[in-house]
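See below for the structure under consideration.
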Amino acid sequence: NCTVDNFTLTDMLPSQVKLIELWTGTFDGLKDADSYSIWYQTNQNGNYRLWRNDIRADINTHLAVSDLNLADGEEVTAFQYRFGTVSKGFTELEKPKYLVQVKTNLPDGEKIVNRIELTGDKLGITYSTEDETLTRIDKPETSNGGGGTSSSEPTALLPVQTGDKSGVLIWCMAAVAATMTFGIIVWRRYKGKRKEGK
């Protein structure tokens, strides 16, 4: 319900997955420009580096990790949307989505926690809030007793509490944060199936 400066969304990826590609989504309400930038961090470099600058807010842009020319064994561990100043009513039009590859040999029931943090400045004060999504791996049954295979769902998404008790963003950023829901596409190795959760 107000203008926010240096509005940033940081997505901290779980260690059990490898980021493959990102669709940025589209947004309405950037105050001083019609573009923003995305930055990334890796397991071999803790500093955020520029992934793409001048991304148009009205175009759902595709970004591939393969274009980053990472070193052998280097993986993206987190990325940031740096929106700059956003106006009252800033919102997403198309939800951002990203594709991750689940690493092999994860046990049945393994919990994958994805964390997102929002930060922004107002009147010289930096505010932040965070949320997380829990994904549990459920391997498909291999037999139904009659020689066939089961069609059980490969993945279940479970809601979790954020643990964020600050409440300090409610007066200004809660409405903005509520609109920034990310879709995550988990690329399963089990039977080559995909599951999309929001």
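Strands (runs of 3 or more DSSP E) fully within region 35-144 that include at least 2 residues being closer than 16 Å to residue 12 by Cβ: 35-42, 45-56, 76-94, 97-102, 111-122, 125-137. For residue 32, the test of being more than 17 Å from residue 96 (Cβ to Cβ) and free of Cβ contacts under 8 Å to residues at least 24 places away in the same chain is failed. Only one entry in 20, 116, 112, 38 is open to solvent by 40 Å² or more (accessible area, probe 1.4 Å) and aliphatic (A, V, I, L, M), namely 20.
Going by what's in this entry, would residue 177 be described as within 15 Å of the chain's Cα centre (by Cα) and either modelled with pLDDT under 50 or open to solvent by 60 Å² or more (accessible area, probe 1.4 Å) (or both)? The answer is yes for residue 177. Per the conditions (1) small (Gly, Ala, Ser); (2) within 26 Å of residue 121 (Cα to Cα); (3) touching a residue at least 12 places away in the same chain (Cβ under 8 Å), the sole criterion not satisfied by residue 71 is (2).
Let's see how each residue does on (1) in contact with a strand residue (DSSP E or B) (Cβ under 8 Å, 6 or more places away or on another chain); (2) at pLDDT below 95; (3) not charged (D, E, K, R):
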{"residue": "64", "(1), (2), (3)": "yes, no, yes"}
{"residue": "77", "(1), (2), (3)": "yes, no, yes"}
{"residue": "85", "(1), (2), (3)": "yes, no, yes"}
{"residue": "94", "(1), (2), (3)": "yes, no, no"}
{"residue": "103", "(1), (2), (3)": "yes, yes, no"}
{"residue": "107", "(1), (2), (3)": "yes, yes, yes"}
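Screening the candidates 143, 128 for the property of being at negative phi and either at pLDDT 95 or above or out of contact with any Ser or Thr (no Cβ under 8 Å at 6 or more places or on another chain) (or both) yields one hit, 128. A Cβ distance below 8 Å, combined with a sequence gap of six or more or placement on separate chains, defines the contacts here; from region 36-61, residues that are among the aromatic types (Phe, Trp, Tyr) reach residues that are surrounded by fewer than 15 Cβ atoms within 10 Å (Cβ to Cβ) and part of a strand (DSSP E or B) in the pairs 39/49; 39/50; 40/49.
The values are calculated or read from the model by the stated rules, or taken from the named source; none is laboratory data. On a predicted model such as this, the values are computed, not experimentally measured, just so you know. When we count neighbours, we look across all protein chains shown, and the Cβ atoms used for this are built from the backbone with ideal geometry, even at glycine. Surface accessibility is based on the protein's heavy atoms, side chains included, excluding ligands, DNA and RNA. Shrake-Rupley method; radii C 1.70, N 1.55, O 1.52, S 1.80 Å.
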